[in-house]
Amino acid sequence: MLSPRHFALVFALLSCGVACVSGDEVVPCPAGMIRVCRDDNDCRCGPTCTPGMPCPPGIAGNPRCLALADTSRTSVCLDVSWATGAPPNMIRCGTELCPVNTACVDWGTAGVHCAPACDTNAACASGCCATVGASASSQRLTVCAPTMGFRCLQGMVAGALCEPPCANGDACVQSPAGNRCASPCSMDGDCAGTCCRDLMGGGRVCAPSESQCGGASLAPACANLDACVTVTYASRGDHCGGSPDSVEVRVRNDCTRAADVEICYERRDGACECGMHRNVAPGATPSPAFWACDLTGNFRLSARAAGDGEGCHPGTCN
């Protein structure tokens with residue numbers, strides 16, 4: 001799995017000695033502060049700091065501990081909008097603009113992106129809520145990752161299977177008309193025209209339709225990982241005394257996260273015979289292989305993120 005590098009903001013700011021510029025005057029910085037410049041005529045003073053830690057009071061604007069881009073390995077508390085040249089109350093994060101209270105995370109090969117806070121996978125458009133750490137402190141933040149290729153919260157419902165993606169806080173749930181976004185609720189009065197229902201795995205959401213206002217809890221939509229699970233071996237006649245009606249299929253998880261993989265064989269009587277490989281690690285081939293007798297030869301794979309709720313698997317074998 002991929003790991004983010006850090007969430008410290010790094011800008012092309014340079015330490016410029018001990019004086020600030022005010023118009024045409026050079027004004028000495030107070031004791032304990034250093035001068036930082038965006039250009040020769042736009043400098044400010046700020047105290048040194050530890051990335052990820054809060055800034056002291058008294059700094060104008062929205063102060064943030066910013067790592068300088070020179071070789072000093074120094075970080076300084078400054079107004080983040082001034083430091084990035086962004087509009088008021090915004091910061092630049094790679095090619096994006098984010099609210100100042102949003103983390104900016106370097107996700108390695110996935111790039112630098114705004115990372116809003118989250119507490120469930122369903123709160124993120126990517127379906128992945130991940131914990132990241134600052135490069136120079138012990139602070140940890142739980143934020144939305146750009147893809148599902150990171151260490152997402154285990155056992156949480158994924159939220160990336162509705163198109164367009166659900167808004168933050170909404171869950172993607174199964175409905176008779178396909179996957180639908182459902183907003184959180186506490187009582188029926190919170191839902192326009194439907195009802196407030198329990199969601200498998202925890203929480204309550206507004207049912208997408210009146211037809212779902214009875215019966216079992218609403219089922220979350222599941223992460224579809226079918227495209228990244230590979231069949232490495234498929235044969236007939238290896239079992240059941242060499243019968244050509246026996247079938248064995250082996251798979252490899254080429255996804256970037258652990259997967260539950262189900263293999264369903266079509267029996268000659270028309271029924272399905274299914275087996276599940278649970279929590280298959282990325283790059284792993286589960287063992288022992290799943291095989292069965294008295295089959296037609298048709299089979300189907302279905303893969304979901306490990307720990308996703310039931311109900312993601314095929315009802316037919318071909």
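No lab work stands behind these numbers, since they all come straight from the coordinates. Worth saying up front: this structure is predicted, and the values here are computed from it rather than measured. We place every Cβ from the backbone using ideal geometry, glycine too, and count neighbours over all the protein chains shown.
Eigenvalues of the Cα gyration tensor times 5, then square-rooted: what semi-axes does that give for the stretch 161-222, in whole angstrom, largest first?
Values: eigenvalues 50, 31, 25 Å².
Taking √(5λ) for each Cα gyration eigenvalue gives 16, 13, 11 Å.
For the stretch 161-222, what is the charge dipole size about the Cα centre, in debye to the nearest 20, if Lys and Arg each add +1 at the Cβ and Asp and Glu each add -1 at the Cβ? Please list the in-between numbers first.
Details: 3 positive and 6 negative charges, 19 e Å.
The calculated dipole for the stretch 161-222 is roughly 100 debye.
Add +1 for every Lys or Arg and -1 for every Asp or Glu among the other residues with Cβ under 11 Å from the Cβ of H277, and state the total.
That sum, taken over residues with Cβ under 11 Å, equals +1.
How large is ³J(HN,Hα) for each residue in the stretch 211-219, as worked out from phi by the Karplus curve 6.51 cos²θ - 1.76 cosθ + 1.60 (θ = phi - 60°), to whole Hz, x for Gly and Pro?
Karplus-based 3J(HN,Hα) across the stretch 211-219 equals 5, 9, 8, x, x, 6, 4, 5, 8 Hz.
Between T147 and A60, what's the calculated FRET efficiency when r is the beta-carbon distance and R0 is 30 Å? Round to 0.05.
0.20
What spacing in nm lies between the two simple spin-label points modelled at D190 and T74, each 7 Å away from Cα in the Cβ direction?
Distance between label points: 5.0 nm.
Modelled label-to-label distance, T230 and E210, 7 Å Cα→beta-carbon offset: nm?
Between T230 and E210, the label points sit 5.1 nm apart.
Applying a 10 Å radius around every beta-carbon, put 255-262, 235-242 in order of their mean neighbour count, most first.
Ranking the peptides 255-262, 235-242 by packing returns 255-262, 235-242.
Sticking with the crude label model, points 7 Å out along Cα→Cβ, report the distance from A271 to T109 in nm, one decimal please.
4.4 nm
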